[in-house]
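Read the structure below first, then the notes.
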Amino acid sequence: MFLTLAKVGLVMNIVAVLFFLVAVALILIVLIQKGKGGGLSAAFGGGGQSSVFGSKTGDVLTWATIVVAGLFLLLTVLLTKFYKPAPVELPGAAPVKQQAPAEQSGTKTPAKPAPAETNAVK
């Protein structure tokens with residue numbers, strides 16, 4: 001993977017790093033949210049979350065999730081469309097050439113004759 005990243009332009013490398021950071025941010029935002037069952041935010045002391053972030057934390061996290069998920073999808077489309085690394089040649093490896101199928105020789109074996117009928121009229 002590191003060889004292909006070196007062959008791609010600087011802009012696509014930046015987009016790839018940004019894609020990774022957005023993916024991590026999306027995971028963290030989803031894990032922080034308090035769902036019906038309390039989620040992981042309760043396991044890490046999410047009870048104090050309302051006092052730190054205010055009473056509208058759920059709304060802010062919902063909007064943040066929507067924005068980060070949209071950015072994630074946009075970066076996914078950009079990477080799929082434009083991230084096409086060049087093939088890498090390994091040192092010391094001979095290039096592989098495709099060969100045409102071998103042609104058959106000019107002499108063809110004759111087809112077997114049909115067996116003679118054994119029900120002759122007597």
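Give me the pairs: first residue in the stretch 10-22 and touching a residue at least 12 places away in the same chain (Cβ under 8 Å), second residue among the hydroxyl-bearing types (S, T, Y) and in a helix (DSSP H, G or I), beta-carbon distance under 8 Å, and six or more apart or on different chains, which are they?
From the stretch 10-22, the pairs are F19/T76.
Tell me, which residue of the stretch 19-61 that is of a type in the set (S, T, N, Q) and loosely packed, with under 12 Cβ neighbours inside 10 Å is modelled with the lowest pLDDT?
S51
The values are calculated or read from the model by the stated rules, or taken from the named source; none is laboratory data. It should be emphasised that the depicted structure is a prediction, and the values quoted were computed from it without experimental measurement. When we count neighbours, we look across all protein chains shown, and the Cβ atoms used for this are built from the backbone with ideal geometry, even at glycine.
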